[in-house]
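Asker: Supplied in structure tokens, the structure appears directly below.
All of the numbers you see were taken from the coordinates with simple rules; none came from a lab. Predicted model, so just to flag it, every value in this text is computed and none were measured. Here Cβ is always computed from backbone atoms with ideal geometry, including for glycine, and neighbour counts include all displayed protein chains.
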Amino acid sequence: MLVFRSIVLWLAFLFILISQFIVLDTIRLLLFYRLTPAIFLFIWVITTLFFNKKLVVDTAIHGIKILKWIKAFRLISSAFIIIGAAIKVMRWDYGDIFLMIGIGSMAAYSSILAYVAKTKQEHNPEIIDDL
């Protein structure tokens, strides 16, 4: 599921880049390239909310520093997304750039997390074999 979420974020980032830097003449292409990132981001939010599993980073393999860098990278990515959304709502300049940087870095964070993290095994006390 982590890989799927990473792919969805990369696709949203790609369509945002296409819609920002390519001049679109027809209204159909304009609507397609403007609405597709929103659909991908909606899918990402739904999968994040409903398919949330406990993740563990093995510090013996990757070290404790990678865990700190991953947490800091997520904080910075989230800050760029929040600041970009606030700037875009207030109709100031450069809101799109902040959103592009935030979504791109969140996609990179998700890809790194999909590579480094593993799902945590849930212990079921009712099963004797788990002891």
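Asker: Please return the longest range in the chain lying between exposed loop sites, taking trypsin sites (Lys or Arg not before Pro), DSSP loop only, at most 15 other beta-carbon atoms within 10 Å, and leaving the sites out.
Answerer: Longest site-free region, per DSSP loop and neighbour criteria: 1-52.
Asker: If you take Rg/Rh (Cα atoms, Kirkwood Rh) from the coordinates, which of (i) 1.09; (ii) 1.20; (iii) 1.23 do you get?
Answerer: (i)
Asker: Compute a Gaussian network model of the chain, connecting alpha carbons closer than 10 Å, and tell me which residue from F42, F80, F51 fluctuates the most.
Answerer: Judging by the Gaussian network model, the answer is F51.
Asker: Next question, about the same structure. Short version: ³J(HN,Hα) in whole Hz for each residue of region 6-23, in order, from phi by Karplus 6.51 cos²θ - 1.76 cosθ + 1.60 (θ = phi - 60°), x for Gly and Pro, what are they?
Answerer: 5, 5, 4, 5, 5, 5, 4, 5, 5, 5, 5, 4, 4, 5, 7, 10, 10, 7
Asker: If R0 is 30 Å, what FRET efficiency do you get for V45 and L24 from their C-beta distance, rounded to 0.05? Walk me through the numbers on the way to the answer.
Answerer: Values: r = 26 Å, r/R0 = 0.86.
It comes out at approximately 0.70.
Asker: Still on this model: Read phi for every residue in region 101-106 and hand back ³J(HN,Hα) as whole Hz from Karplus 6.51 cos²θ - 1.76 cosθ + 1.60, θ = phi - 60°, with x for Gly and Pro.
Answerer: 5, x, 6, x, 6, 5
Asker: Another question about this same structure. Tell me the net charge near Q20. Cut-off is 15 Å between Cβ atoms, Q20 excluded, with +1 for each Lys or Arg and -1 for each Asp or Glu.
Answerer: 0
Asker: Quote the FRET efficiency, to the nearest 0.05, computed for W69 versus M90 with a Förster distance R0 of 30 Å and r equal to the Cβ-Cβ distance.
Answerer: 0.40
Asker: Follow-up. Cross-link partners among lysines for K53, C-alpha distance below 25 Å, same-chain residues fewer than 8 apart left out?
Answerer: K65, K68, K71, K118, K120
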